[in-house]
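The structure appears right after this line, and notes come after that.
The values are calculated or read from the model by the stated rules, or taken from the named source; none is laboratory data. None of the values given here were measured: they were computed from a predicted structure. Positions of Cβ are generated from backbone atoms using ideal geometry, with glycine treated the same way; all protein chains shown enter the neighbour counts.
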Amino acid sequence: MKKSFYIILTIISFAFQCLGQTNITLSNPEAQQILFGNYNPADYTPSVIINHPDSILHGIVNGVSKDTLINYLLKIDSYQNRNTGSDTVSETRGIGAVRRWIQKKYSEYRAECENRLVVSYMDFDMNICGQSHHRNVLAVLPGLDTTNKEILVLMGHFDTRCQGACDTACYSPGMEDNGSGTVLVMELARIMSRYAFDHTILFATVTGEDQGLYGAKALSTYLKNNNVQIRSVFNNDVIGGIICGQTSSPPGCPGLNAIDSTHVRVFSYSQLNDTAWPSPHKQLARYIRLHQEEKINPLLQTPMTIDLIITEDRTGRSGDHIPFRQKGYPAIRFTSRNEHGNGAGIPPDRQHTTGDILGLDTSVPPDAIIDSFYVDPNYLRRNIIMNGVNLGYLALAPPSPTPEFSLSGDTVVITMHDADTVYKHYRVGIRSRHSGSLYFDTIFTFTNVTQLHLPLGGSDENRYLSVANVKNNVESLFCAEYNLLPVGIGNHLMNNWGIKMYQNHPNPFTEQTEFIIEASDYYNIRDAALIITDITGRTIRNIPLQIFPGKNQVTLNNDGFVKGMYTYSLSVSDKIIATGKMSVY
Ligand SMILES: [Zn+2]
């Protein structure tokens with residue numbers, strides 16, 4: 001009797017967990033209407049419009065305050081425990097008190113910007129660590145041009161944990177993970193609400209990360225279910241620490257106590273972790289690095305280097321950008337180069353322990369002022385500038401182009417069409433497979449033309465080209481990459497747009513051979529064909545294909561081939577996009 005009662009209880013609680021986040025609502029209907037694009041921009045136009053990109057760049061670089069960051073971090077620390085299941089009633093301790101404080105700060109920024117920043121909770125229900133009701137804290141800065149309703153999301157989680165995922169009693173300061181990301185979002189809400197952007201910016205401080213990304217899942221589900229278009233998602237998690245622990249989640253830390261305050265890792269998804277696949281997430285990451293190098297570093301005393309990472313997160317770890325990426329939104333994660341621990345929560349590593357404090361008072365005698373920082377406020381400040389400037393540029397940027405690529409002799413011709421022709425100012429980013437580089441090797445700028453000529457052919461390099469529209473000196477995101485790929489036959493070049501055909505196997509063959517065609521998860525192609533031609537160019541076979549995301553296998557039987565060399569080609573919409581040679585013996 002007693003045993004079956006517990007079994008039923010277990011089933012009920014399991015079912016409750018499986019429901020995911022339910023009743024996802026915004027406490028402020030005004031914020032909802034802005035996110036949906038249903039508002040009059042005139043209602044949110046400041047009395048003095050500051051929207052010049054240089055003004056915003058300098059304003060952010062000079063505006064982020066190290067003292068504000070320290071004060072905010074110490075305030076957050078004072079709540080003792082921010083576990084998702086912790087106290088929601090107390091004014092001095094637990095997750096309820098901290099989220100009310102964040103809400104109060106957003107409301108203060110609102111008062112400082114003519115009430116243009118709209119503040120709301122996002123409520124959702126789910127049983128997490130014994131709490132059934134949870135709140136993200138949001139601030140929305142409405143864009144002033146609603147013709148394109150794409151919004152931008154800046155995110156950081158404010159919950160913390162100790163070794164026990166549901167330990168609501170421990171002291172859990174979470175300064176590196178993720179007080180740093182929390183104050184990053186808050187400080188940019190404060191500064192950026194002074195300016196006017198074309199696109200709406202959502203500043204999102206979210207909960208439930210440490211138990212399973214639940215706050216970000218609720219937010220991304222809500223936006224997706226309501227068809228909100230998102231241009232970019234920046235997730236900041238572990239963004240202020242500079243010291244390696246005994247352990248850390250790779251790639252990153254060079255060794256115990258190593259210090260690095262000049263590098264940041266930007267993680268983003270690529271199919272199969274292959275640099276060749278087209279990835280809007282990687283294109284977003286490249287955009288960030290471009291601006292760091294060209295716009296921000298010249299203004300910093302200590303320049304920053306962005307390490308583009310091929311994987312979506314550290315080995316064995318995950319983060320709040322992933323639910324957004326899974327729903328098709330371009331999303332990246334910013335994380336310090338060095339981390340103090342691997343998340344296991346075992347001292348002396350500080351991550352997920354009571355040791356994740358801001359730093360130490362090392363004065364003799366102690367003067368109660370922290371003077372040795374684990375979370376370096378200067379490093380955090382530079383990371384906030386990195387986020388803010390890029391967010392600002394993206395919120396002013398035109399849409400990315402949809403150009404046509406073609407080859408004329410050894411020259412790549414990029415033709416801009418329709419709406420893209422109005423800019424007459426473009427940048428072409430090129431990276432080469434040989435260098436294995438995730439970042440652009442070269443950038444060309446074109447002005448007063450709508451057809452771009454690049455003499456790139458005749459090389460044995462495999463290269464990727466993408467184009468950005470430029471409006472008022474602000475680049476759009478770069479478009480999907482075009483693959484300039486020389487192959488063996490007369491140096492033909494292929495545009496594979498994320499479709500890769502491998503050499504047939506076996507080759508040579510007598511009875512049968514197989515072709516593998518791999519497509520990225522953006523491609524589902526109905527009108528493809530495998531075309532076999534003989535050495536005179538005569539078509540021997542034309543095999544219609546459908547190509548699905550992932551690996552597609554095509555088997556070719558020798559049903560009457562004469563011995564000799566053949567060319568095989570993959571065509572999509574009657575365009576040859578890949579060719580190779582095979583022989584029958
Ligand atoms: Zn975290």
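Test Leu152 against the stated conditions and say whether it is within 20 Å of Leu213 (Cα to Cα) and in the same structural domain as Met192 (by TED's automatic domain parsing). Spell out the reasoning first.
On the way: within 20 Å of Leu213 (Cα to Cα): yes; in the same structural domain as Met192 (by TED's automatic domain parsing): yes.
Yes, satisfied.
Against the definition (out of contact with any Leu (no Cβ under 6 Å at 6 or more places or on another chain), among the hydrophobic types (A, V, I, L, M, F, W, C) and within 16 Å of the ligand (Cβ to nearest atom)), how does Ile322 come out, yes or no?
Numbers: out of contact with any Leu (no Cβ under 6 Å at 6 or more places or on another chain): yes; among the hydrophobic types (A, V, I, L, M, F, W, C): yes; within 16 Å of the ligand (Cβ to nearest atom): yes.
For Ile322, the condition - out of contact with any Leu (no Cβ under 6 Å at 6 or more places or on another chain), among the hydrophobic types (A, V, I, L, M, F, W, C) and within 16 Å of the ligand (Cβ to nearest atom) - is met.
Which of the residues spanning the range 65-103 are assigned to a helix (DSSP H, G or I) and among the polar types (S, T, N, Q)? Let's see the steps before the verdict.
Step one: of the range 65-103, the residues assigned to a helix (DSSP H, G or I) are 66-77, 95-103.
Of everything in the range 65-103, those that are assigned to a helix (DSSP H, G or I) and among the polar types (S, T, N, Q) turn out to be Thr68, Asn71, Gln103.
Checking the conditions here, which among Arg325, Arg350, Arg333 is in a helix (DSSP H, G or I) and in contact (Cβ under 8 Å) with a residue 12 or more places away in the chain?
Working: Arg350 fails: in a helix (DSSP H, G or I); Arg333 fails: in a helix (DSSP H, G or I).
Only one candidate passes the filter, namely Arg325.
Taking Asn338, is it assigned by TED's automatic domain parsing to the domain that holds Tyr79, more than 16 Å from Asn257 (Cβ to Cβ) and touching a residue at least 40 places away in the same chain (Cβ under 8 Å)?
Numbers: assigned by TED's automatic domain parsing to the domain that holds Tyr79: yes; more than 16 Å from Asn257 (Cβ to Cβ): no; touching a residue at least 40 places away in the same chain (Cβ under 8 Å): yes.
Answer is no for this residue.
Go through (1) surrounded by 14 or more Cβ atoms within 10 Å (Cβ to Cβ); (2) outside any strand (DSSP E or B) one by one and return the number of the condition Val562 breaks.
Exception for Val562: condition (1).
Using beta carbons and a limit of 7 Å, which pairs, at least six apart or on different chains, have the first residue in the range 299-322 and in the same structural domain as Asn236 (by TED's automatic domain parsing) and the second one aromatic (Phe, Trp, Tyr)?
Hits for this filter: Leu308/Tyr439; Ile309/Phe267; Thr311/Phe267; Glu312/Phe267; Glu312/Tyr269; Asp313/Phe267.
May I ask you to list the residues in the range 184-223 that are within 12 Å of the ligand (Cβ to nearest atom), outside any helix (DSSP H, G or I) and small (Gly, Ala, Ser)?
Once the filter is applied, which keeps residues that are within 12 Å of the ligand (Cβ to nearest atom), outside any helix (DSSP H, G or I) and small (Gly, Ala, Ser), the range 184-223 yields only Gly208.
Which residues, counting only those in the range 185-244, are of a type in the set (S, T, N, Q), within 26 Å of Ile49 (Cα to Cα) and in contact with a Gly (Cβ under 9 Å, 6 or more places away or on another chain)? Break it down stepwise before answering.
Pass one, the range 185-244, residues of a type in the set (S, T, N, Q): 193, 200, 205, 207, 211, 220-221, 225-227, 229, 232, 235-236.
Adding the requirement that they be within 26 Å of Ile49 (Cα to Cα) leaves 193, 200, 229, 232.
Within the range 185-244, Thr200, Gln229 qualify.
For Gln553, which of the numbered conditions (1) at pLDDT 90 or above; (2) over 22 Å from Asp274 (Cβ atoms) fails to hold?
If we test Gln553 against (1) at pLDDT 90 or above; (2) over 22 Å from Asp274 (Cβ atoms), just (2) comes out false.
Cβ-Cβ distance below 6 Å, separation of 6 or more or different chains: which pairs start in the range 155-179 with a residue that is aromatic (Phe, Trp, Tyr) and end on one that is within 11 Å of the ligand (Cβ to nearest atom) and at pLDDT 95 or above?
Partner pairs satisfying both residue conditions: Phe158/Thr182.
So, in the range 303-316, of the ones that are surrounded by fewer than 19 Cβ atoms within 10 Å (Cβ to Cβ) and over 15 Å from the mean Cα position of the chain (by Cα), which residue ends up farthest from Asn178 (Cα to Cα)?
Pro303
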